[in-house]
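Everything on this sheet refers to the single structure shown next.
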Amino acid sequence: MANGDRTVLQFNAPSTASLSAKVHPLVIFNICDCYVRRPDQAERVIGTLLGSVLPDGTVDIRNSYAVPHTESAEQVALDIEYHHNMLVSHQKVNPKEVIVGWYSTGLGVTGGSALIHDFYSREVPNPVHLTVDTGFRNGEGTVKAYVSVNLALGDRQLAAQFQEIPLDLRMVEAERVGFDILKTTAVDKLPNDLEGMEVTMQRLLALIDDVYKYVDDVVEGRVPADNNIGRFIRDTVASLPKLSPPAFDKLMNDNLQDQLLLLYLSSLTRTQLGLAETLNTAAQIL
């Protein structure tokens, strides 16, 4: 059989031997911030990477923004209109920043990553996929960059494979300090309004107990009196409004009902926006 008649299994992709990426710390901080502010039902956050390609071929990632999405085992739906509006807004500030890829939180690539990467491949040739471990497992934040390599049999494309490329994450001393603090104080998610109120009230009760204990210790002679602390406690108590217990309970209940109403309205708004996003994405696909 002649060599020209053979069916060859090959990888069709630009050479990744010299391809590398450089990410600025601002991008990592922005991704972590979007992750802790994600919706309740979202397990991960995805978004667009902005930057430029340097003359030596290095992809310089300088900015990012999150893109709302819904994800299931079978499909991934992106808010394409939001993505394009954010891109236009960013380019009004810095026209030199263009799409260079996309990011997702978590370790490595997942089954839905190929679908998202296919969308960004239509936005920019050979996009970079950045993964950020926002859980900081073992006290380290794993950040990796990938490109897609097409596996073809002859002229027919079979699948796509993610291939890791070198990633340069350089920080000055101030950025390094901030990144180290972020690794040790990272949280999975920000508390909602009610959870935040509960934590605040618990801290307030703990502070009141400390004040009671200090005053009792001073009265019993176990702790020497401090005039500055005494004046501070007096001014604090004097600043409180004089309310009867029933009036105070009514005030707290009214504020709590206002908070619950705001939560209900915000939940209703999110539901309407999610429904509009799904309908808009389905209309663009059709």
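Numbers at a glance
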| item | result |
| --- | --- |
| Spatially proximal aspartates and glutamates relative to LYS250 (Cα-Cα < 17 Å; intrachain offsets below 8 disregarded) | ASP258 |
| Centre separation in Å (Cα based) which lies between the range 18-62 and the range 93-138 | 7 |
| Selection from LEU207, ILE229, SER239, by position along the positive dipole direction of the range 194-250 (Cβ) | SER239 |
| Neighbourhood charge, 13 Å Cβ-Cβ cut-off, centred on VAL23 and excluding it, Lys, Arg +1 and Asp, Glu -1 | +1 |
| Inter-site label distance for GLN257 and ARG234 at 7 Å from Cα along Cβ, in nm | 4.0 |
| Set of aspartates and glutamates near LYS92 by C-alpha distance (under 20 Å), chain-local residues within fewer than 8 positions excluded | ASP60, GLU81, GLU123 |
| Partner aspartates and glutamates for LYS213 [C-alpha distance under 16 Å; skip if fewer than 8 residues away on the same chain] | ASP226 |
| Built amide H within the under 5 Å cut-off of ILE46, gap 5+ | VAL67 |
| Distant-in-sequence amide H partners of VAL149 (H built 1.01 Å from N, under 5 Å) | GLN161, PHE162, GLN163 |
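We did not get these values from a lab; they are worked out from the coordinates using the rules stated. The structure presented is a predicted model; accordingly, all values stated were derived computationally and were not measured. We place every Cβ from the backbone using ideal geometry, glycine too, and count neighbours over all the protein chains shown.
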